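The structure appears right after this line, and notes come after that.
The values are calculated or read from the model by the stated rules, or taken from the named source; none is laboratory data. These figures come from a predicted structure and were not determined experimentally. Here the Cβ is made from the backbone with ideal geometry for all residues, glycine too, and neighbour counts use every protein chain on show. Surface accessibility is based on the protein's heavy atoms, side chains included, excluding ligands, DNA and RNA. Shrake-Rupley method; radii C 1.70, N 1.55, O 1.52, S 1.80 Å.
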Amino acid sequence: LTAGKPGRSSPEPECDSAFLLIRFADKLSQGQMNIAISQINTTVGDFEGNSDKIVDAWRHADEAGAELIVLPELALCGYPPRDLLAKQVFLRQNQSALDRLAKRSGKAIAVVGYASANKTNSGRPAQNSAAVLQDGQVTAVRHKTLLPTYDVFDEARYFEPNLDAGLATAAGLPPRVP
């Protein structure tokens, strides 16, 4: 378990982000994977700036030997986007930024949160999504199923929940809980 930057003893980041590197060992297959969990400070609507922060965190995770980096929910568009989610142009900008970000990919597989357009014919216009980026491509997208409606979280007001929770494959390995 490593916190902060490679070679640094403090979790104080140089790149406006922090990450935790975890070695995950699967006793069933005798395999292991280094997973970086990153926290970045995003700005709502700043797709270019948020993308740069994601790429910077991705680079640091690559340098630390991570094989997978997990970034925050809605990292690409910033949190909370609120009423911007009702604007189709904002959702198209999210998708365009995601496609550009995939082309800037690092060595590790990345899971990046973003707002996607709801492709069904009913419900709210947006979905709270996570994309798997690998080898310059978006290889999988999954949408959040359980939307909180307590305290400051009013996601059900803005997002359409996913009714079909599927699992994504990463690094050619089937997903499973050990």
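Of all residues in the stretch 38-57, those being among the hydroxyl-bearing types (Ser, Thr, Tyr) and either free of Cβ contacts under 8 Å to residues at least 24 places away in the same chain or under 11 Å from residue 79 (Cα atoms) (or both) number 2.
Quick check on this structure: which one of 6, 72 is assigned to a loop (DSSP other than H, G, I, E, B) and modelled with pLDDT under 80? If you could, list the steps in order and put the result at the bottom.
Details: 72 fails: modelled with pLDDT under 80.
Result of the check over 6, 72: 6.
The residues of the stretch 75-99 that are in a loop (DSSP other than H, G, I, E, B) and either of a type in the set (A, V, I, L, M) or under 12 Å from residue 133 (Cβ atoms) (or both), listed by number, are 75, 76.
So which of 78, 123, 31 ends up being modelled with pLDDT under 95, of a type outside the set (Lys, Arg) and at positive phi?
Details: 78 fails: modelled with pLDDT under 95; 31 fails: at positive phi.
Every option except 123 fails the conditions.
Apart from one condition, residue 36 fits all of (1) among the small types (Gly, Ala, Ser); (2) outside any strand (DSSP E or B); (3) modelled with pLDDT under 95; the exception is (2).
Here residue 61 meets the list (1) open to solvent by 10 Å² or more (accessible area, probe 1.4 Å); (2) at pLDDT below 95 almost entirely, failing just condition (1).
Tell me whether the stretch 73-85 contains one or more residues that are under 11 Å from the mean Cα position of the chain (by Cα), under 28 Å from residue 153 (Cβ atoms) and open to solvent by 10 Å² or more (accessible area, probe 1.4 Å). Checked the stretch 73-85: at least one residue is under 11 Å from the mean Cα position of the chain (by Cα), under 28 Å from residue 153 (Cβ atoms) and open to solvent by 10 Å² or more (accessible area, probe 1.4 Å). The numbered conditions (1) part of a helix (DSSP H, G or I); (2) loosely packed, with under 13 Cβ neighbours inside 10 Å are all true for residue 123 except (1).
From the list 124, 142, 104, pick out the single residue that is among the basic types (Lys, Arg), under 16 Å from residue 51 (Cβ atoms) and out of contact with any Ser or Thr (no Cβ under 6 Å at 6 or more places or on another chain).
Details: 124 fails: under 16 Å from residue 51 (Cβ atoms); 142 fails: under 16 Å from residue 51 (Cβ atoms).
Residue meeting the stated conditions: 104.
Would you mention how many residues in the stretch 134-145 are outside any strand (DSSP E or B) and out of contact with any Asp or Glu (no Cβ under 9 Å at 6 or more places or on another chain)? Break it down into steps so the answer makes sense when it comes.
Residues of the stretch 134-145 outside any strand (DSSP E or B): 135-136, 144-145.
From what's left, out of contact with any Asp or Glu (no Cβ under 9 Å at 6 or more places or on another chain): 135-136.
Here the count works out to 2.
Look through 110, 102, 131, 156 and report the one residue that is part of a helix (DSSP H, G or I) and either crowded, with 20+ Cβ neighbours inside 10 Å or modelled with pLDDT of 95 or more (or both). After ruling out the rest, the residue left standing is 102.
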